[in-house]
């Protein structure tokens, strides 16, 4: 099996000149209320073939790890590169694992603790079923270790979270031989071993869309949607106790009899408080619902709802230490068939949601791949790519845009164009991560039909 060689910085011949990456006219290019701004685009890696599924994560000191999948000829492999805040450079690439060409793979997630230890998670589908693999980066020895969590079966759609002490928790959907269940496994920071997978749902109904989040101490909450015999869904949750070392009883978080929808997401702050959001739709009536979990009482409570225009998808949620939250989503205007990015903010000080806001008002270019990141104080970024104009089939260029939210929720900056990608560069599908102090990194991939580039930009 031939593996495409990735070349880093030195000696690299770029397909696109530096001038090809530019900011648009008439956009907000100034610094935010926190004094931060986007910098210059830098190159992480380049290689033969197509790159997909790029992910990035940051630690508390500004170090970062980027992971992506590289496809070239008969070779598919996972690669990683680490950014060192001092001296401010990306390091050489590391090949994590090769995957047989006849198999389908998807990079599912990347998480990092405050010290810089990281875990990447991906799925592999092939002739022996579906497997889930994880690669752990240890700062102490500057090495990656790759292990299978599920070697074969029908596991799919995993989610991963990590605590401040480096313990990781993964959850996914897999059949027990009778029906699909929600399974979970924990990786200890000390030995790096994954525990025996255990089912954490109630074993009733069809389950899907599992998400998981963790607090600083390693307590975790997994949420999922579970279809009922009536043909509709409920939202369920289960909590892992770091003190007891086990999962608890299943909680019914949301019930929406007679309504279709779902696609929940969950966020958890360092203190163990959590927020869950999901959507429900009936005819032309669409709403996003939210509930909160308080760690000191171990109780769920309603956090309100708000009306939105058209059915949302790709819900993403972030939460700060005070309990403020930001949710973003994509929605399609069924009259113009235009996909746009929307957001709404929850402020714990007044206990309510603000009005849903359309972030991308371009009527000719569709938005895609919204990402969200929030620092400990509630400053946030929303990042997405704006696809080529639908009436210009020969134009393959795309923009990566970012929207800034201030921590008080009262002020925000209009869209920054982080980068305008060159024509024929493909769709960048950016990833975003932010450290507790508010500095952030965006990473994306480009492709010219033969070679791919992994690019990055810092917000600081």
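The values are calculated or read from the model by the stated rules, or taken from the named source; none is laboratory data. Predicted model only: the values in this text are computed from it and were never measured. Positions of Cβ are backbone-derived with ideal geometry, glycine not excepted, and every protein chain shown enters the neighbour counts.
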| Do we have any residue at all in region 54-75 that's modelled with pLDDT of 90 or more and either in contact with a helix residue (DSSP H, G or I) (Cβ under 6 Å, 6 or more places away or on another chain) or surrounded by fewer than 17 Cβ atoms within 10 Å (Cβ to Cβ) (or both)? | yes
Apart from one, (1) in contact with a strand residue (DSSP E or B) (Cβ under 7 Å, 6 or more places away or on another chain); (2) at pLDDT 90 or above all hold for residue 460; the odd one out is (1)
The residue from 198, 173, 210 that alone is surrounded by fewer than 19 Cβ atoms within 10 Å (Cβ to Cβ) and modelled with pLDDT of 95 or more is 198
Restricting attention to region 163-200, the residues that are over 24 Å from residue 215 (Cβ atoms), touching a strand residue (DSSP E or B) at 6+ places or on another chain (Cβ under 9 Å) and part of a loop (DSSP other than H, G, I, E, B) number exactly 2
Checking 118, 138, 108 in turn, the sole residue that is crowded, with 23+ Cβ neighbours inside 10 Å and under 22 Å from the mean Cα position of the chain (by Cα) turns out to be 118
- prompt: Does at least one position in region 19-35 carry a residue that is at pLDDT 90 or above and either surrounded by 13 or more Cβ atoms within 10 Å (Cβ to Cβ) or outside any loop (DSSP other than H, G, I, E, B) (or both)?
  reply: no
- Query: Within region 253-263, can one find any residue that is touching a strand residue (DSSP E or B) at 6+ places or on another chain (Cβ under 6 Å), assigned to a strand (DSSP E or B) and within 17 Å of residue 318 (Cα to Cα)?
  - Reply: yes
By my count, strands (runs of 3 or more DSSP E) wholly in region 201-244 with at least 3 residues that are in contact with a helix residue (DSSP H, G or I) (Cβ under 8 Å, 6 or more places away or on another chain) are none
Selection from region 420-438 of residues closer than 18 Å to residue 55 by Cβ and either surrounded by fewer than 19 Cβ atoms within 10 Å (Cβ to Cβ) or at pLDDT below 95 (or both) yields 426, 427, 428, 429, 430
Within region 127-142, residues farther than 14 Å from residue 186 by Cα and either modelled with pLDDT under 95 or not in a strand (DSSP E or B) (or both) come out as 127, 128, 129, 130, 131, 139, 140, 141, 142
Flag if residue 124 is in contact with a strand residue (DSSP E or B) (Cβ under 7 Å, 6 or more places away or on another chain), closer than 24 Å to residue 314 by Cβ and assigned to a strand (DSSP E or B): yes
Within region 213-253, the count of residues that are touching a residue at least 60 places away in the same chain (Cβ under 8 Å) and either over 19 Å from the mean Cα position of the chain (by Cα) or surrounded by fewer than 22 Cβ atoms within 10 Å (Cβ to Cβ) (or both) comes to 6
